[in-house]
Amino acid sequence: MTTLFNRFNLVKQQILQAETFAKRPIGSVQLLAVSKTKPATDIASFYRMGQRHFGESYVQEALEKQKKLASYDITWHFIGPIQSNKSKLIAHHFNWVHSVDRLKIAKRLNDQRPDHISPLNLCLQVNISHESTKSGILLKDLPALIHEIEKFPRLKLRGVMAIPQPIDGFEAQRKPYQQLIQAVQQIKNVPLDTFSFGMTGDLQAAITEGSTIVRIGTALFGEREYPAHASKRAE
Ligand SMILES: *Cc1c(COP(=O)(O)O)cnc(C)c1O
């Protein structure tokens, strides 16, 4: 608990420093606590410190934690790869999705989003490292996908998300984000307000370039024992 508290304060302080360094308004960067593979009890601890936004990557694991934390006023973000057969659960149980990279998935989420809750906040995941194995849409295909998704009434298109290839060095980390922001700014007539950029390793660079949501796992929860799905040990 003390460790979580210290980590929380450290991350908050790093965000504040980066905002100041970048001459951006204090509080303009939102902290998304990435709780994948970590237990509901850790989420509850951060909640008591004031954290409200949590990110999960595995649907089944997330639903188990949501059940345990049903009485908490948490905003849930889905940030993992989306399989078609999981889109309905995502449309029903999350407030945000950061990882949409195909029209087919967007259409399913739109069609499956229940009418009695607000439209699903959505970011498009862009592949800025041009690796064929990575998920994410290529920059050249982004404008067309944006214009299609804008037509969906049950989705609220908020912005873009990116996971650049891990690289050391502040300047090197800034480059892919610069490139992406410039490209997005050239897309006309789309009111986007979200750049979901920055993880534990490149938080400063992402904020310097204009990130509005940083997705932080390790720096808050500690190392993940299993990078892959680990709900079996979630409690
Ligand atoms: C796991 C994950 C994170 C958090 O990564 P850390 O390096 O632990 O901060 C952020 N974004 C996505 C999409 C993730 O899957």
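The values are calculated or read from the model by the stated rules, or taken from the named source; none is laboratory data. Nothing here was measured: the structure is a model prediction, and the numbers come from that model. Glycine gets a Cβ as well: all are built from the backbone with ideal geometry, and neighbour counts include every protein chain shown. With ligands, DNA and RNA removed, areas are computed over all heavy atoms of the protein, side chains included. Shrake-Rupley method; radii C 1.70, N 1.55, O 1.52, S 1.80 Å.
Evaluate the stretch 203-216: report whether one residue or more is within 12 Å of the ligand (Cβ to nearest atom), in a loop (DSSP other than H, G, I, E, B), out of contact with any Leu (no Cβ under 8 Å at 6 or more places or on another chain) and of a type in the set (A, V, I, L, M, F, W, C). The answer is no; no qualifying residue exists.
Residue pairs whose Cβ atoms lie under 7 Å apart, sitting 6 or more positions apart in sequence or on different chains, and linking a residue in the stretch 193-222 that is among the acidic types (D, E) to a partner that is open to solvent by less than 10 Å² (accessible area, probe 1.4 Å), are D193/G159; E209/Y177; E209/F197.
Annotation note: of R52, R24, R48, R7, the sole residue that is within 16 Å of the ligand (Cβ to nearest atom) and either touching a Pro at 6+ places or on another chain (Cβ under 6 Å) or open to solvent by 10 Å² or more (accessible area, probe 1.4 Å) (or both) is R7. Only a single item in (1) at pLDDT 95 or above; (2) out of contact with any Phe, Trp or Tyr (no Cβ under 9 Å at 6 or more places or on another chain) is not met by E131, and it is number (1).
Note on the stretch 156-189: residues that are within 16 Å of the ligand (Cβ to nearest atom) and of a type in the set (V, I, T) total 3.
Of all residues in the stretch 130-153, at least one satisfies being open to solvent by 20 Å² or more (accessible area, probe 1.4 Å), more than 18 Å from the chain's Cα centre (by Cα) and polar (S, T, N, Q). Taking the stretch 20-41 as the range and being touching a strand residue (DSSP E or B) at 6+ places or on another chain (Cβ under 7 Å) and closer than 28 Å to E225 by Cβ as the test, the residues that pass are Q30, L31, L32, A33, V34, S35, K36. If only residues of the stretch 78-113 that are under 16 Å from the mean Cα position of the chain (by Cα) and farther than 20 Å from I128 by Cβ are counted, the one that is surrounded by the fewest Cβ atoms within 10 Å (Cβ to Cβ) is N95.
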